[in-house]
Amino acid sequence: MKMPTQKTIMIFSTATSLGMSATAFAASNNTADIQQTIVTNNTVIGQNVVVDQKGDAQHASVNQVGDGQTVRIKQNGTLSSATTFTRGQKNWISLYQGEEEHISNIFQQGDKNVDKSHQKGFNNRSDINTEGNNNYTIARQADTFNQTNIHTIGQENTTLTEQIGLQNDLSINTYGDLNDAHTLQIGDNNINIIDSQGVDNKVITSQEGDSNTFYTISNGNNNQIISAQIGGNNTQQTQMWGNENTQMLRQTGAENSLSLVTEGSNNQVNFYSDGQSNHIFTFTLGDNNQTDVIQTGLHNSTHLNVFGDDNTYKEMNQTGDINTIELLIDGNENMATVTQWGNNNNLTGIDSSSFDVSGHNSTLNLTQNGHDNIVMGEQIGEHHALFVAQTGELNTAIVTQQ
């Protein structure tokens with residue numbers, strides 16, 4: 001059953017038809033365009049629209065097709081635009097615009113979706129596109145020139161975003177079921193891009209400071225990424241494929257960078273970087289890998305490449321300044337524990353940039369305490385064990401096992 005009606009409302013108007021209601025409160029030069037069409041195979045519930053406009057040169061456009069849908073728009077200020085387009089049953093939209101020159105566009109297709117947009121300040125833009133059922137999205141913006149783009153496809157997805165500051169960009173794409181994405185940006189010129197695909201994915205991010213950048217792509221099942229950047233000019237790039245991956249990434253300080261690619265199943269990664277100009281890169285391929293990296297100080301660098309199964313790299317802790325870990329591991333059931341205290345300590349290769357471990361069942365425990373210590377070497381083969389401890393300054397250890 002279809003029952004269409006269209007209303008263009010200026011100043012103040014209330015219009016009703018069977019199963020439909022639209023109410024608008026508008027000051028001068030404000031416009032509200034409302035189109036409602038009931039499409040249902042059951043008893044008519046009715047569409048509901050409330051538009052409240054205060055200020056000047058505001059525009060609201062509402063298009064509803066379906067039944068039992070509710071749209072509430074409140075505009076307070078000047079030169080803001082709100083556009084909503086809903087298709088389905090029992091969808092809900094709540095939209096608020098305060099102060100000046102905001103743009104908000106919300107598209108819903110499906111049933112029982114809830115989208116909320118809250119804008120305060122100047123020149124903020126919010127775009128929400130929801131396709132599916134029982135999805136829940138909230139986008140909050142405060143201050144100036146912030147932009148949010150959210151696209152959700154699937155069932156029972158939850159997306160919560162908040163931006164406070166100047167010129168922050170946020171883009172989220174979620175595909176699949178039961179995905180969670182929670183983001184918070186406080187500061188200026190922050191960028192946060194999330195693409196989550198699969199089932200039971202969860203991404204929680206927080207950026208506090210200026211010019212921080214976070215990228216993540218999650219593909220698979222039961223993935224979880226928790227990340228926090230506090231400071232300025234920090235960069236993270238993460239990609240996950242596979243099942244049951246867990247990552248906890250944190251950077252505190254300034255000009256820290258982190259890049260991670262994980263592929264396989266049952267991986268767990270914990271990174272923590274505290275200081276300035278610290279760099280972490282890791283690539284993990286295989287199953288049941290665990291990596292823990294903690295860096296404290298200035299200009300520390302960790303490069304880790306992992307291939308194989310059942311690898312464990314516990315802690316890998318660097319404390320001090322200008323410490324470097326270059327480690328490449330290929331094989332199965334390897335374990336590496338690296339601890340460097342002091343300044344300008346290096347774990348590197350002999351003929352290459354990486355220490356390079358290959359084979360099966362290798363165990364490395366490397367500890368350097370002091371300054372300007374170097375461990376160089378490679379292990380190739382099976383059933384190797386290596387324990388190196390250096391205390392003091394200007395110590396050098398060269399290890400080759402094949």
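Once the Cβ-Cβ distance of Ile226 and Lys54 is raised to the sixth power relative to R0 = 35 Å, the FRET efficiency obtained is 0.30. One chain, two ends: Leu160 and His360. Fully extended at 0.36 nm per residue, the span grows by 67.5 nm beyond their Cα-Cα distance.
For segment 147-263, rounded, prolate or oblate, judged on the Cα gyration tensor with a ≥ b ≥ c (square roots of eigenvalues), a/c < 1.5 rounded, else prolate if a/b > b/c? If you can, show how the numbers build up before the last one.
On the way: a/c = 2.41, a/b = 1.40, b/c = 1.72.
Oblate is the answer for segment 147-263, as a/c is 1.5 or above yet b/c matches or exceeds a/b.
In what sequence, highest mean first, do 309-317, 389-397, 111-119 appear when ranked by Cβ atoms within 10 angstrom?
Listed from highest to lowest mean packing, they are 111-119, 309-317, 389-397.
Listed values for segment 183-196 are Karplus-derived 3J(HN,Hα) couplings in whole Hz (6.51 cos²θ - 1.76 cosθ + 1.60, θ = phi - 60°), namely 10, 9, 10, 10, x, 10, 6, 8, 10, 9, 10, 10, 10, 10, and x replaces Gly and Pro.
The gain in end-to-end length when the Asn76 to Asp351 segment is fully stretched comes to 92.3 nm, 0.36 nm per residue minus the alpha carbon separation. Stokes-Einstein diffusion for the chain at 10 °C, viscosity 1.306 mPa s, with a Kirkwood radius from C-alpha pairs, works out to 67 µm²/s.
Among beta bridges identified by DSSP and lying wholly in the chain, the antiparallel ones come to about 5 percent. Both numbers refer to the Cα atoms of segment 202-243; Rg and Dmax are 11.4, 33 Å. Can you bin segment 227-374 into rounded, prolate or oblate? Criterion: square roots of the alpha carbon gyration tensor eigenvalues sorted a ≥ b ≥ c, rounded for a/c under 1.5, prolate for a/b above b/c, oblate for the rest. The shape class here is oblate. Each other residue within a Cβ distance under 12 Å of Leu327 adds +1 if Lys or Arg and -1 if Asp or Glu, for a net charge of -4.
Sort segment 296-397 into rounded, prolate or oblate with this rule: let a ≥ b ≥ c be the square roots of the eigenvalues of the Cα gyration tensor; rounded if a/c is under 1.5, and if a/c is not under 1.5, prolate when a/b is larger than b/c, oblate otherwise. Because a/c hits 1.5 or more and a/b exceeds b/c, segment 296-397 counts as prolate.
For Arg72, the shell of other residues with beta-carbons less than 10 Å away shows a net charge of +1, using +1 for Lys and Arg and -1 for Asp and Glu. Shown is the FRET efficiency for Asn29 and Met248, computed with R0 = 56 Å from the Cβ-Cβ distance and rounded to the nearest 0.05: 0.65.
Computed FRET efficiency, Cβ-Cβ of Leu298 and Ala397, R0 25 Å: what is it to the nearest 0.05?
Working: r = 25 Å, r/R0 = 0.98.
Plugging the Cβ-Cβ distance into 1/(1 + (r/R0)^6) gives 0.50.
With a simple spin-label model that places each label point 7 Å from the Cα along the Cα-to-Cβ direction, the separation between Ala385 and Asn41 comes to 7.0 nm. Tell me, what is a quarter of the convex hull surface for the C-alpha atoms of segment 34-172, in nm² with one decimal? Computing the convex hull of the Cα atoms and averaging its projections yields 7.1 nm². Within the shell defined by Cβ-Cβ distances under 9 Å, the residues around Glu378 carry a net charge of -2, with Lys and Arg each +1 and Asp and Glu each -1.
Every read-out reported here was derived from the displayed coordinates using simple, explicitly stated rules and does not represent laboratory data. In this text, all values refer to a predicted model and were calculated from it rather than measured experimentally. Positions of Cβ are backbone-derived with ideal geometry, glycine not excepted, and every protein chain shown enters the neighbour counts.
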